[in-house]
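Everything on this sheet refers to the single structure shown next.
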Amino acid sequence: MSLSFKNLSDPGKYPDKIHFVLLLLRVTAGIFMITHGITKVERLMADGPAQFADPLGLGVTTSLILVVFSEVFCSVLLIIGLWTRFAVIPLMITMFVVSFIVHGADPFNKQELPMFYLIVYLCILIAGAGKYSVDNLIFRKKR
């Protein structure tokens with residue numbers, strides 16, 4: 001199997017129960033993550049300098065913008081199932097940084113939630129969006 005945009009957009013061929021599980025997983029993870037992103041949008045829009053971690057040395061504002069992009073924009077794509085495999089990559093990177101850099105020295109209970117999101121996003125990356133997605137509508141038209 002060659003790696004192509006068509007293959008990355010493939011929603012997968014599974015039994016209907018699995019398609020429903022993928023829908024539930026995508027929508028739930030997306031909505032839950034947006035709740036984290038909205039608080040960061042508020043920080044971004046606040047007057048004065050942004051208060052946020054800069055774990056990669058990109059600058060506080062740049063780090064905050066990248067996290068808002070990931071947690072809000074990519075989560076919306078995840079919910080509707082559009083470019084799903086591409087959308088989970090920034091989310092995975094964000095959760096990796098939070099787990100192993102931001103909370104790297106913290107106890108496991110601080111790393112647990114971002115690690116869980118990371119595993120959920122990895123599962124979605126592997127499985128695809130499922131047939132209840134915009135990806136499926138696009139992919140079916142290309143066949």
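The values are calculated or read from the model by the stated rules, or taken from the named source; none is laboratory data. Bear in mind the structure is a predicted one, so any value in this text is a computation, not a measurement. Note that we place each Cβ from the backbone using ideal geometry, even for glycine, and neighbour counts take in every protein chain shown. Just the protein is used for accessible areas: all its heavy atoms, side chains included, with ligands, DNA and RNA removed. Shrake-Rupley method; radii C 1.70, N 1.55, O 1.52, S 1.80 Å.
For the stretch 44-102, what is the relative contact order in percent, using Cα pairs closer than 8 Å and at least 6 residues apart in sequence? Could the numbers behind the result be given before it?
On the way: 41 pairs, mean separation 16.0, N = 59.
Taking the mean separation of contacting Cα pairs over the length of the stretch 44-102, I get 27 percent.
Report, in deg cm²/dmol and to the nearest 500, the calculated mean residue ellipticity at 222 nm for the chain, where each DSSP H run with n ≥ 4 adds -39500 (n - 2.57) and the sum is divided by the residue count.
It lands at -20500 deg cm²/dmol.
Would you work out the relative contact order for the chain, in percent, from Cα pairs under 8 angstrom that are 6 or more residues apart? Numbers along the way, then the final one.
On the way: 184 pairs, mean separation 51.7, N = 143.
In percent, rounded to a whole number, it is 36.
Taking a probe of 1.4 angstrom, what is the accessible area of Val72 in Å², to the nearest 10?
Approximately 30 Å² of Val72 is accessible to the 1.4 Å probe.
To the nearest 20 Debye, how big is the dipole of the stretch 1-111 about its Cα centre, given +1 on the beta carbon of each Lys and Arg and -1 on that of each Asp and Glu? Spell out each step's value before the answer.
On the way: 8 positive and 7 negative charges, 80 e Å.
That gives the stretch 1-111 a dipole magnitude of about 380 debye.
Determine ³J(HN,Hα), in whole Hz, for all residues of the stretch 65-70 in sequence, where each value follows from phi through the Karplus function 6.51 cos²θ - 1.76 cosθ + 1.60 and θ = phi - 60°; x replaces Gly and Pro.
Computed from phi, the couplings for the stretch 65-70 are 4, 5, 5, 4, 4, 5 Hz.
Which one of Ala127, Asn109, Val97 has its Cα pushed farthest toward the positive end of the charge dipole of the stretch 81-143, where Lys and Arg give +1 and Asp and Glu give -1 at the Cβ?
With unit charges placed on the Cβ atoms, the residue in question is Ala127.
Mind checking which of Leu78, Leu91, Leu44 has the largest fluctuation in a GNM of the chain, springs on alpha carbons under 10 Å?
Ranking Leu78, Leu91, Leu44 by mean-square fluctuation puts Leu44 first.
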